1. Take segment 1-45 and flag every residue that is in contact (Cβ under 8 Å) with a residue 24 or more places away in the chain and more than 9 Å from the chain's Cα centre (by Cα).
2. Pick from ALA41, ALA3: which is surrounded by 14 or more Cβ atoms within 10 Å (Cβ to Cβ) and modelled with pLDDT under 95?
3. Just to be sure, is ALA50 in a helix (DSSP H, G or I), within 8 Å of the chain's Cα centre (by Cα) and buried (at least 16 other Cβ atoms within 10 Å of the Cβ)?
Amino acid sequence: QFAARLAATPRTLKAPARRVLLQELRGAGLLDMRRAMEIIAEHLGVSRAAVYTYARQEG
C-alpha cells in the first residue's frame, strides 16, 4: 500500500522512501513481529542488513 501511494513497486523504492516506510511500520508496531526484518527485506529486494540500516537511520 505504501509503494502504491507513491505509484511505485516495493523493489523500486529509493532509500529515502524506504526509511519512511520503516518509520510507518515501526509506528504500526509491525517491526516487533517475528521475522519482520527478513520479510521486509524480501519485499524490498534488499539484504536484511540494509533493512536494519534503514530502520536505524529513520530514528
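The values are calculated or read from the model by the stated rules, or taken from the named source; none is laboratory data. In this text the structure is predicted, and so the values were computed from the model without any measurement. Reconstructed Cβ throughout: ideal geometry from the backbone, glycine too, with neighbour counts over all protein chains shown.
1. Listed by number, the residues that qualify are ARG11, LEU13, ALA15, ARG26, LEU31, GLY45.
2. None of the other options fit; the residue is ALA3.
3. Against the criterion (in a helix (DSSP H, G or I), within 8 Å of the chain's Cα centre (by Cα) and buried (at least 16 other Cβ atoms within 10 Å of the Cβ)), ALA50 does not qualify.
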